[in-house]
Amino acid sequence: MSIAEQKFMVDAQGRNLVEMRPPGIQNNQPNDIQITAEQLLKDAEIHQTKEIRPPQQRIMDEAELQEYKFRKRILFENRVRRQRNYLGIWIRYAQFEEGLLEFRRARSIFERALEVDPSNIGVWMKYIEMEMRHKFINHARNVFERAIYQMPRIDQFWFKYSYMEEVLGNYQAAREIFNRWMTWKPEEKAWMAFLRFEERMGERENQRQIMYKYMEAFPKLKVYLKVAKFEIKQKAWESARSIYERTLEELGQEALKEEYFIDFGKFEIRNKEYERAREIFRFGLKNIAKDKAYQLYQDYLSFEKQYGEKDEIDQIILNKRRIFYKELISQNAYNYDAWFDLANLEMSTKDFNRIRESFEAAIKNVPPGNEKRFWRRYIYLWYNYAVFEELEANNIQKAIEIFERAIQLVPHQQFTFSKLWIQYAQLLVRNKDIDKMRKVYGLAIGLCPNIKIFQEYIQIELQLANIDRARILYQRFIEIFPDNPIPWIKFAEFENDLEEYERSELIFELALQNNQMNMPETIWRAYIDNQIKLQNYEKVRELYEKLLERSKHVKIWISYAQFELSIKSITGFRAVMQRGEKCYIGKPELKEERAILLEQWKDMEIEIGDEQEIKKISDKQPTKTIKKRKIKLLGDESEDFGYEEYYDYIFPEENPQQKNLGMLLNNAKLWKQQQEQKNG
């Protein structure tokens, strides 16, 4: 709608509707006088309508008084008729009559109210308080009797009734009221009120009877402890001890709680019965769960520190550590570190029975999987157990039995522990049972042959001077491990020690002929070292020549040259080096090996001290440069993977231009490093 059309919008009376709209706000500035929320609240309070109260009326004569009473009674009667079950009106009605000293009327109103709700405690209490307030004692007694007859479980009536009789000095009646009350077995506060009443009366025997009746009515630990504390307060020590003893006899498992043993123990400590207190603490710690006896343990520890001897204190500390380790074990039975700690703790006590129990409990927790990594810690439990039986308990037969049990337990088809067999055999040797030792090693070799087992077995036979048996074992060693160089080397060294040099060389030769040998270089190294030791230098050269026929590795040339140098054969040393260099010349793929050989050659010449030869070798040294080349993957040469840096060696006999380029690159690199150091 356009602005022109809006100007002609009129209502039924012809008034322009646009002009009738409220004008917009022209001034948005804040007013000079601001109204706060506090002012608004004050204005609301000022203008609030005040409560209309009836005018005060002064009664001048008897007629006006009677008229006032009549009018109020009519008002109350109308109210109680309309709201019969609302007892607050009944109570105000009765209090109105009480204020006029119309006690008969007030009693009548209370009785009418009790007919409406005979179990309302408030009406009963207002009724009783009225009678007591105006000293109508017999009326009050009657109301009390009616109330406790109708509601004997309401403690408030009994409290008020007994208190009234006590205030009146009628102590026997108050005592009878308490006795009647106790037949209903009320709560603890009722018994304690009766006890305080007898305390005020000074009747100790009655107090004791009350506490014992209380204990019979409520056979609970808390009640027994209260009775015991009562006897302690009365300084009846034997009676208190009897109560503590009855507590455990009559309550049984319910009495096995921390607070009972703490109270009983402290009682005996006060009576200087330290041995009794110690036994009480120990019995409690033995029969209560450890997580529920923390305070008991702390009190026991404090007791032993104060009254015990050093051995007792040590025993407590041991018990504390024992509890800690058992808690760890309860969380994870396969925590073998905790089992070790527990076993070591028991071993410190020298109690053989406890030590054996701890070891037996530990070894029952066999690892769940047949993987050696799970058994590595577990098997040491058996070792320690056997060592304990042998060294501490001096029970050799028991130690042998432990090793046999362990051997039967380990799954030797999956894995074995050479230390287990070796320790068992050593135990038998110490026990001078050589035949059984040989059977054990024979069983080990048959079930799970192991290099360590062979070596230990052979070592024992050598110590026993059984040369032939040792030679047979070496032969068996080689048969089982033909591709391992260790048995060949050990066998050859064994024959060499016996001065059977031909046998030793033959063994080495047989080993070199084995093409399936793992790490054959160890055989060559051992064979060469053996011949050097025998000063059979021609044989050494022969071996090096055979080795060079198989491989031209740079380490062989260097080792060969070092041998020649060690026997003062400088000519032989240089001849070997020259042969090695000649072997690498003209082979670009072996530049690095040649560089290594020349560097070693130079170091050896420096050791000899021949300046001419040193200069000669120095001139042969290559220049080391860094170059880049494309990265190529096997089977995929088409794709570009970038570049990589590598070291290249430029020897003097190569292209001089290439050599100069390498030197230029090295100098440029050196200059760049110097500039970086200056700028840094």
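Some points to look at:
- In percent, rounded to a whole number, the relative contact order of the chain is 3, using alpha-carbon pairs under 8 Å and six or more apart.
- Above-threshold pairs, the threshold being 24 Å between Cα atoms, out of 582/669; 546/587; 555/616; 233/290; 372/398; 135/213: 582/669; 233/290; 372/398; 135/213
- Rounded if a/c under 1.5, otherwise prolate or oblate - the chain, Cα gyration tensor axes: oblate
- Taking the 1.4 Å solvent-accessible surface of the chain as the whole, the part contributed by carbon and sulfur is 50%.
- Within the chain, helix-based [θ] at 222 nm, where runs of 4 or more DSSP H residues each add -39,500 (n - 2.57), nearest 500: -22500 deg cm²/dmol
- Å² per residue, accessible surface of the range 447-494 at 1.4 Å: 49 Å²
- The range 221-312: trypsin sites (Lys or Arg not before Pro) in DSSP coil with no more than 16 other Cβ atoms inside 10 Å: 235, 272
- In a reduced charge model with +1 at each Lys and Arg Cβ and -1 at each Asp and Glu Cβ, the chain shows a dipole moment near 2940 debye about its Cα centre.
- Ratio of Rg to Rh over the range 271-408 (Cα coordinates, Kirkwood Rh, two decimals): 1.06
- For the range 519-625, averaging the sequence separation of C-alpha pairs within contact (under 8 Å, six or more residues apart) and dividing by the residue count gives a relative contact order of 16 percent.
- For the range 533-580, applying the loop criterion from DSSP together with a ceiling of 13 other beta carbons within 10 Å to the GluC sites (Glu not before Pro) yields no site.
- Inter-label distance, nm, simple model (7 Å from Cα along the C-beta direction), residue 77/residue 621: 13.8 nm
- Once the Cα atoms are used to define both axes, helix 501-512 deviates from the longest principal axis of the chain by about 70 degrees.
- Largest first, the residues 134, 412, 47, 553 sort by 1.4 Å accessible area into 47, 553, 134, 412.
- Averaged over residues, the count of other Cβ atoms within 10 Å places the peptides 616-627, 521-532 in the sequence 521-532, 616-627, highest first.
- Relative contact order of the range 135-187, pairs being alpha-carbon contacts under 8 Å that are 6 or more residues apart, as %: 31 percent
- Accessible area (Å², 1.4 Å probe, nearest 10) - residue 110: 10 Å²
- Taking only the C-alpha atoms of the range 503-627, the Rg (one decimal) and the largest Cα-Cα distance, Dmax (whole number), read 16.2, 54 Å.
- Pair residue 119, residue 373: separation of 7 Å Cα→Cβ label points (nm): 7.3 nm
- Sum of side-chain charges, residue 481 neighbourhood, beta-carbon under 14 Å (Lys, Arg +1; Asp, Glu -1): +1
- Gap separating the Cα centres of the range 550-606 and the range 110-176, nearest whole Å: 125 Å
- Heavy-atom accessible area per residue - the range 186-234, 1.4 Å, Å²: 51 Å²
- Solvent-accessible surface (1.4 Å probe) assigned to residue 456 amounts to roughly 70 Å².
- Rounded to the nearest 10 degrees, the angle from helix 378-387 to the longest Cα principal axis of the chain is 80 degrees.
- Three-way shape label, the range 402-500, alpha-carbon gyration tensor, a/c 1.5: oblate
- Relative to the dominant Cα principal axis of the chain, helix 137-150 is inclined by about 50°.
- Summed side-chain charge close to residue 259 - residues other than residue 259 whose Cβ falls under 13 Å, Lys, Arg +1, Asp, Glu -1: +3
- A simple rule links phi to the HN-Hα coupling: the Karplus curve 6.51 cos²θ - 1.76 cosθ + 1.60 with θ = phi - 60°, which for the range 233-247 gives 4, 7, 6, 9, 5, 5, 5, 5, 5, 4, 5, 4, 5, 5, 4 Hz, with x for Gly and Pro.
- Shown for the range 327-377 is the translational diffusion coefficient from the Stokes-Einstein equation, using the Kirkwood radius over Cα pairs, a temperature of 20 °C and a viscosity of 1.002 mPa s: 185 µm²/s.
- Cα-based shape type of the range 154-204, given that a ≥ b ≥ c are square roots of the gyration tensor eigenvalues and the cut on a/c is 1.5: oblate
The values are calculated or read from the model by the stated rules, or taken from the named source; none is laboratory data. Source: prediction; values computed, not measured. Cβ sites come from the backbone with ideal geometry, for glycine too, and all protein chains shown count toward neighbours. Note: areas computed on protein heavy atoms with side chains; ligands, DNA, RNA excluded. Shrake-Rupley method; radii C 1.70, N 1.55, O 1.52, S 1.80 Å.
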